[in-house]
Amino acid sequence: MKKLLLFIQLLMLAVLSVQAQTTILDFEAPATSTVFQYFGSPLDGTLNEVVANPAPSGINTSSMVGKFVKPGVAEVWAGAFSNPNPTTLVDLASNAKIAIKVWMDHIGSVTVKLEGSTNGGSNWLLTQANTKVNEWEELVFDASVPSLENPFAPASNFVYTRVVLFFDFGTAGTGSEQVYFFDDIKTLPNAAITTTILDFETPATGTTFQYFGSPLDPTLTETVANPNASGINTSANVLKYVKPAVAEVWAGAFSNPNPTTPIDLSNGGQICVKVHMDHIGNLALKLESSPTGGSNWITKVSNTKVNEWEEICFDPTVPSIEAPFTTATGVYERVVLFFDFGTAGTGTDVISYVDDLVVKTGSAPQTRTVNFKVDMNNYTANFDKVYVSGTFNNWSGDANPLTDPELDGIWEGSISVLNGAYEYKVTLDNWAAQEEFAGFEECTKRDPSGQFVNRLLLVSGDANLPEFCFNSCYDCGDEVKINFKLGMNGNTPSPDGVWLAGGGNFDVPGGKYKMSDANSDGIYEITVPRKKGFSSFYTFANGPCPDYSCKENLTGLPCGDPNNFNDRFLPAVDANTTVATCFGACFTNAECVSGVSNLVEDEQVFTIWGNPAVSNATMLMFDHAAYQEKEILISNAIGQVVGQWMVSKDASYFEVDTTRFESGVYLVTARIGDRFFTRKLVK
């Protein structure tokens with residue numbers, strides 16, 4: 001029985017060993033064999049030989065190996081490149097090192113060069129000295145080490161097609177022919193390393209977090225005894241996090257003081273944390289204050305367990321869900337936590353617990369597959385071929401072709417990339433034509449040079465992108481254009497510009513949505529394409545102030561929502577629309593000569609039929625004498641807006657579907673022109 005158990009253990013170890021490495025070349029089968037073409041010596045243009053192992057012993061008892069000859073007269077850079085290239089790619093996106101077994105009759109060196117990256121990696125060259133003579137030795141090359149040649153970049157996270165070998169690189173031929181043997185070229189992963197940032201057990205591994213976005217602002221969190229010391233977490237102390245009944249969707253808490261050990265992502269890895277929640281929701285993690293120049297980064301992960309400890313992990317190679325949509329790189333000092341990010345307070349305090357915030361390095365990043373479907377039916381010019389060209393293929397005009405398998409005008413294809421942010425366009429016939437964007441589309445980004453506007457692709461896993469129309473972010477026919485026109489209402493425009501901003505859809509002031517006064521008439525404009533049904537809060541800013549210190553002040557005005565920073569609200573848009581107003585006022589024109597800054601309360605504006613809403617539907621009946629657009633806003637008992645609509649001028653009634661409302665009292669406000677009235681609605 002013991003022998004059987006030992007055999008099973010050895011078998012498992014063998015399986016794990018196979019899973020932990022990938023063989024590129026071992027010269028034992030056609031799929032794992034190739035030859036190398038010499039250069040830099042009189043052998044230039046000839047191929048090396050695959051021969052019987054001259055010394056089958058020690059770490060290498062295999063049958064066949066590669067033979068390398070360096071003639072007596074050879075350049076210092078003499079070597080040989082794979083021709084043809086190996087069947088298996090050298091994947092350093094999924095692995096961290098490349099290894100090769102060598103047999104040499106003297107102490108010298110072996111240099112490996114990798115070329116032909118499939119995902120944008122630079123050529124990479126590294127040298128290792130051998131330490132053994134007349135016996136097999138395995139040399140390991142770390143892909144995270146910068147190349148010895150310009151641009152001196154590491155090979156980590158890249159995939160290569162060609163292998164180049166140099167024996168005694170930098171040394172010319174010695175006058176006598178030198179013979180070397182090599183075998184078993186393979187890739188190896190890194191061993192995982194866990195670094196504890198916070199476990200709340202000692203002063204060095206504990207801290208407090210300062211609340212914001214709720215009535216708890218600016219109090220601090222508590223470290224408490226573990227309320228459920230079981231499962232994966234039996235530690236003594238944990239962090240208690242409270243989300244009050246009345247909390248903003250962005251309510252959270254930031255480390256204050258910051259952890260003693262910063263979060264170091266220089267070597268990649270994942271950030272993991274244990275959470276204990278009494279419901280299914282999410283935790284958003286934000287990293288700030290990077291002394292190495294990394295951009296602020298935020299992403300969220302859903303929990304899957306209730307009333308028990310669970311470890312959730314955040315992948316820094318996933319692009320941030322906020323601008324500038326980059327990955328997390330380098331070192332970060334501040335940690336920000338948001339429970340149920342994007343959801344306002346529920347009316348009841350919600351308590352969650354946090355423990356064991358760690359960084360796990362050494363786990364290899366994975367290559368992702370992204371599938372495209374491009375509708376070309378609205379493009380009327382002649383074309384033959386469709387491609388996706390971008391930063392993932394060095395903007396090649398023919399590297400990633402699409403096909404039309406159904407001959408229905410929908411072109412399909414895929415790319416393989418790592419997690420990250422990429423820019424691309426759909427191009428035709430090797431750049432004979434391409435998509436053109438203004439820069440205000442949801443799916444686009446202006447490149448760092450400021451000259452080009454491209455599609456932005458955020459990759460965090462395998463993905464089937466929604467079908468989109470050529471030159472649009474959406475399905476053909478689903479795009480509407482919203483033209484914002486803004487008069488400055490006596491305010492001197494900032495010399496640095498005027499911005500549309502806010503609402504979670506229009507970036508910060510100074511970001512993507514800069515308005516222009518092309519005809520110098522004092523009215524600033526911007527046209528943003530959006531999908532039908534788009535709605536959002538928004539504001540205007542007189543200058544590029546990322547902290548919103550230069551935004552308009554609508555406090556107390558009817559067009560500013562006090563529950564959302566006194567921002568404006570754009571109801572759902574289903575057709576091309578113009579929004580005209582004035583900075584800091586509620587005018588309905590950009591000339592700032594008349595408007596609705598002074599509303600009149602008038603109970604004749606509307607009545608409610610079906611109140612209480614026992615049938616899950618309520619009818620708002622409008623003043624028949626008012627042939628104008630109607631604006632409807634419904635808020636709950638704690639002031640949160642739960643519905644807002646624009647109703648056409650010829651409508652005499654509007655039906656409100658209350659099935660999604662919880663039982664309670666709501667306030668319904670209707671505005672027609674400069675008249676408004678508010679009534680209670682009971683559900």
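Where a number appears in this text, it was derived from the coordinates with a stated rule and is not lab data. Note that the coordinates shown come from a computational prediction; the quantities given were computed from them, not determined experimentally. Neighbour counts run over all protein chains shown; Cβ positions are idealised from the backbone, glycine included.
Beyond 29 Å between alpha-carbons counts as too far, so tell me which of LYS425/LYS512; LYS186/LYS305; LYS186/LYS425; LYS286/LYS630 fall in that bin.
Numbers: LYS425/LYS512 19 Å; LYS186/LYS305 40 Å; LYS186/LYS425 36 Å; LYS286/LYS630 40 Å.
Table pairs above 29 Å Cα-Cα are LYS186/LYS305; LYS186/LYS425; LYS286/LYS630.
What length, rounded to one decimal in nm, is gained on full extension from ALA29 through to VAL140, with 0.36 nm per residue of separation minus their alpha-carbon distance? Present the calculation step by step, with values, prior to reporting the outcome.
On the way: separation 111, 0.36 × 111 = 39.96 nm, distance 2.32 nm.
Roughly 37.6 nm would be gained on extension.
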Crossing angle, helix 2-19 versus the chain [Cα axis fit, 0-90 degrees, rounded to tens]
70 degrees
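As a footprinting exposure proxy, order TRP411, TRP431 by other Cβ within 10 Å, with the fewest listed first. Before the final figure, lay out the partial values.
Numbers: TRP411 21, TRP431 14.
So the residues, fewest neighbours to most, are TRP431, TRP411.
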PRE reach from TRP77 (point 7 Å along Cα→Cβ): which of region 139-165 fall under 19 Å by backbone N?
147-153, 162-165
What FRET efficiency comes out for GLU412 versus THR588 if R0 is 45 angstrom and r is the Cβ-Cβ distance? Round to the nearest 0.05.
0.50
With just the Cα atoms defining each centre, how far is region 366-427 from region 135-214? Give it in Å.
33 Å
Please tell me which of these pairs span more than 31 angstrom C-alpha to C-alpha: LYS445/LYS551; LYS132/LYS360; LYS300/LYS683?
LYS132/LYS360; LYS300/LYS683
Once Lys and Arg get +1 and Asp and Glu get -1 on their Cβ, which of PRO509, VAL140, ILE415 lies farthest toward the positive end of the dipole of the chain?
VAL140
With r defined as the distance between the Cβ atoms of ASP398 and ALA52 and R0 fixed at 51 Å, what FRET efficiency is calculated, to the nearest 0.05?
0.70
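Using a Förster distance of 51 angstrom, determine the FRET efficiency expected from the C-beta separation of THR61 and SER302, and round it to 0.05.
Numbers: r = 50 Å, r/R0 = 0.99.
Once the sixth-power term is evaluated, E becomes 0.50.
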Once both labels are modelled 7 Å past Cα along the beta-carbon direction, what's the SER176-VAL642 spacing in nm?
9.2 nm
I need the semi-axes of the equivalent ellipsoid of region 600-682: take the C-alpha gyration tensor, multiply each eigenvalue by 5, square-root it, list largest first in whole angstrom.
21, 13, 11
Put a dot 7 Å past each Cα toward the Cβ at ASP264 and ASN377; how far apart are the dots in nm?
5.6 nm
Could you list LYS649, LYS70 so that the one with the fewest beta carbons within 10 Å of its beta carbon is first and the one with the most is last?
LYS649, LYS70
With label points built 7 Å along Cα→Cβ from the Cα atoms of THR208 and THR346, find their separation and express it in nm.
2.7 nm
